[in-house]
1. Measure up LYS354/LYS467; LYS52/LYS138; LYS319/LYS354 against 22 Å on the Cα-Cα distance and list the ones that go over.
2. May I ask you to evaluate 6.51 cos²θ - 1.76 cosθ + 1.60, the Karplus curve with θ = phi - 60°, for each residue of the stretch 23-37 and list the ³J(HN,Hα) values in order in whole Hz, giving x for glycine and proline?
3. Peptides 335-341, 138-144, 297-303: what's the order by average Cβ count within 10 Å, highest mean first?
Amino acid sequence: MDRISQFVDSFIPKNLPKERKQMLRYELEDHIFEKTAFYEEIGYTREQSIEKAIEEFGEGEEMKKHIFNEFEELYAERDIFGVFAFIIIAFMNYLCWPLDTWVTSADFNRDPDVFGTAVSLGMIFVVLAMIVFARIKKYRKMLFAIGFANILVAVCVLVSFYPQMAAYAMTYNFIYLVDNYTPFLLGNLIANAYEGFLIGVLWFGSLLIPAIYAVVMSFLLKKGKAKAVKNPKKKAALFCSVYLSIAVVSCILQPVGQQYADDYPVWFSPYTLYISEMPEEIFSKLYPGMSEESANEVLYSYGYQNLEDYRASLDWVAKKQFDANVKEFDFLDGYTIWFLPDVYIPGEGFVGVKSENGTVTGVGIGNLNNRMYDADDYNSFGYSEIEFNHDIEAMTESFRALQKGADEADVINIFTQLHGQIYAKRLYIENGEAVSYYRIYFYGVVNPEMKHYLDKYDSRYIELTFKGGNLIKGNLYSERNQDGESIVSVEYVK
């Protein structure tokens, strides 16, 4: 009997529940006893009969897998386990709507909060806990149901980009911790998170990875290739303690991370900087030929600082943020940039001063980006929120009627009457002559019958250069969106 018990024990996985262990033991012992009785009847001794029965049964690993898989088909989990898992996941996602724990749009119409974050993390915990349970118990049908349900949810997220709040909260918490406690800076990802794409990918991955694991493991269990989980109770306890600790910390940090994202400073943006009253007044007091010292005094009197002085006054985190912002903006070559340090979007606009041997050779205000137009970036130059009713067609016809040599005051007056927004201008000396330069922005309806705003509206940018008060160069940049891509065309003053 000891020999039979020893043999039977070698077939039974240690991580099976007691009831299933007992059932498998009965099945194997009955089989061995029947074989032993047969050999005893034909003349073998008891000991010989037992050895013959065991030898015929086989002790190899392949036989063990075969017997165990057959037993699992008969006595393991029931289909209801998988059905329950599917229903639980579907029900939890259904509850997101009445509990308002989905971010209702990818552009942040519903900001995360502690409650929504806690509920989202709780849902993740339930799914992961079911996967852990099914893996330890080797419930392959339950694993497949969990994986299939999560794949369906992931597809819905991919289509709608309405992720749960946990994805937003944990992303912002992670950015906050990295920015404030490491030499690295991830704050430049906040804009992408805000638009929903980064968060959508994160949440889609958080759903899909466990789903793929569950489905793959269900097939491995069916083929008998999945290894038994060692020390399942300890590993399950470790998983619960680590996850719940992360969840609690995430909920506590959620308001902090959210506030960090909301208050993230943007000193330099090519999108919304425009010319307001203060830089206009400064521009009237700065001119080529004045001393650099006098120009600096004017700027200091208005509270402006140059980039180097302002950077030196920042703390460690703000300095990293500042440097990242500077890299995003391609300033005009040779200009020292001055700005109001405590004014972000929609800023007062920059003031630029170019000097040589202590004498000012050029001044500029507004958007001082070095590139007039970046075809790789839709709507790459900024707009003011003041005007959106520009008459695009009238402006285009006026531009096409321009000729070189036109008077500067008359030309600028024409386009400002058309409600164009001057968002950058410069005055500088070139070959001993005064040159003035303007960038003007227009935005308006061109296809009123179209429903989507990207197809309905269009933008135009004009670049005008005057020498001695007369037009010497003019470019009209037209931008439209086609299938999500920016299409740019250029016309020139003849």
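1. LYS52/LYS138; LYS319/LYS354
2. Calculated HN-Hα couplings, in order: 5, 5, 4, 4, 4, 5, 4, 4, 5, 5, 4, 5, 5, 4, 4 Hz.
3. With the highest mean Cβ count within 10 Å placed first, the list reads 138-144, 335-341, 297-303.
Every read-out reported here was derived from the displayed coordinates using simple, explicitly stated rules and does not represent laboratory data. Because the structure is a prediction, the values reported are computed rather than measured. Counting neighbours? That spans all protein chains shown, and the Cβs are built from the backbone with ideal geometry, glycine included.
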